[in-house]
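The values are calculated or read from the model by the stated rules, or taken from the named source; none is laboratory data. All values derive from a computational prediction rather than experimental measurement. Cβ atoms come from the backbone with ideal geometry, glycine included; neighbour counts cover every protein chain shown.
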Amino acid sequence: MPELPEAETIVRDLRPRLTGATIVDARVRHADILNPPLTPRRLAHGVRGRRISGVSRRGKIVIIELQHDLRLAINLGMSGRVVTSDAARAGEFRHIAVTLALEDGRAILYDDARRFGRLALHTPLSWRVRDASLGLEPLSNEFTAERFRALTRVSAVPIRNWLLDQRRVAGVGNIYANEALFLAGVRPTRRARTLTRAEVGRLREALRNVLVRAIAARGTTFSLYRDASGEEGGFYPALAVYDRAGQPCPRCGSGIKRIVLTNRSAFYCPTCQR
Ligand SMILES: [Zn+2]
């Protein structure tokens, strides 16, 4: 499932390919991935003739920035992929939901096998509302130990769940939440408010560390994630606990445990994580 590093990898691939290009048409094959009130007609009307001024990211959301401060926000859901037609290998993308044709003959393809992804077209005003609904960017300067601590202190939810809530910290999903908790030596079931100042500091460093390393490896692929060139991410072998139940902890050799926490797996080392 794409998280911040996978979205960032796609953004870095798309930015040089798309900046300056002009969209001439939008074709929607599966309208269920359009976030209401967006409709195929509104999408086509909104993007047609517009130049792409940049490509950016907020949390896990890929943003295609358009002329006149419009933003096409792509939430990749479970299996969403964004690729340009010139980089897509034939046969690799079989679930194309939206095609944005470009003036230069290429196209932007949004492919989504499971269709949990969502596209939204934002005006400056609606984007301000959406942006405000998302929490701190973990790789930005605003993500200080003080702010992180202030937010954890008022919450009784397990810290793994806390990390997944996009209203607090944006972009972290189950893979990197579990990996960061391992690096910080904190058990996923701990209530957020019970973390000490030192643990919060370690968790902040661990989150930033794992996200930066995952971006460098171009993300993690289990089955469906591909970057904007259709390639798999390379971070899977670097995972210490996630998807490694029963295997030895890379630090102490104890068996990695898997538990279910609010319907999602959590993985941890019973020796290293307290
Ligand atoms: Zn261990």
Among helices (runs of 4 or more DSSP H) lying entirely in region 143-252, which contain 3 or more residues that are among the β-branched types (Val, Ile, Thr)?
-> 197-216
Does GLU142 count as of a type in the set (D, E, K, R) and modelled with pLDDT of 95 or more?
-> yes
Taking region 89-125 and the residues there that are surrounded by 15 or more Cβ atoms within 10 Å (Cβ to Cβ) and of a type in the set (Gly, Ala, Ser), the one that is farthest from the chain's Cα centre (by Cα) would be ALA101
Can you name the residue in region 131-165 that is of a type in the set (D, E, K, R) and in contact (Cβ under 8 Å) with a residue 60 or more places away in the chain and, of all such residues, is surrounded by the most Cβ atoms within 10 Å (Cβ to Cβ)?
-> ARG160
When every residue in region 242-251 that is more than 13 Å from LEU183 (Cα to Cα) and within 15 Å of the ligand (Cβ to nearest atom) is compared, the one surrounded by the most Cβ atoms within 10 Å (Cβ to Cβ) is ARG244
Residues in region 85-100 that are out of contact with any Ser or Thr (no Cβ under 9 Å at 6 or more places or on another chain) and assigned to a strand (DSSP E or B) total 4
Taking region 177-226 and keeping residues touching an Asp or Glu at 6+ places or on another chain (Cβ under 8 Å), at pLDDT 95 or above and among the β-branched types (Val, Ile, Thr) leaves VAL186, VAL210, ILE215
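For every residue, the table says whether it meets (1) away from the ligand (no atom under 14 Å from the Cβ); (2) hydroxyl-bearing (Ser, Thr, Tyr); (3) surrounded by fewer than 18 Cβ atoms within 10 Å (Cβ to Cβ).
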position	(1), (2), (3)
PHE182	no, no, no
LEU195	yes, no, no
VAL200	yes, no, no
TYR236	yes, yes, yes
ALA240	no, no, no
GLY253	no, no, yes
ILE259	yes, no, yes
ARG264	yes, no, yes
Filtering region 18-54 down to residues that are in contact with a Lys or Arg (Cβ under 8 Å, 6 or more places away or on another chain) and among the charged types (D, E, K, R), which residue is nearest to ARG114 (Cα to Cα)?
-> ASP32
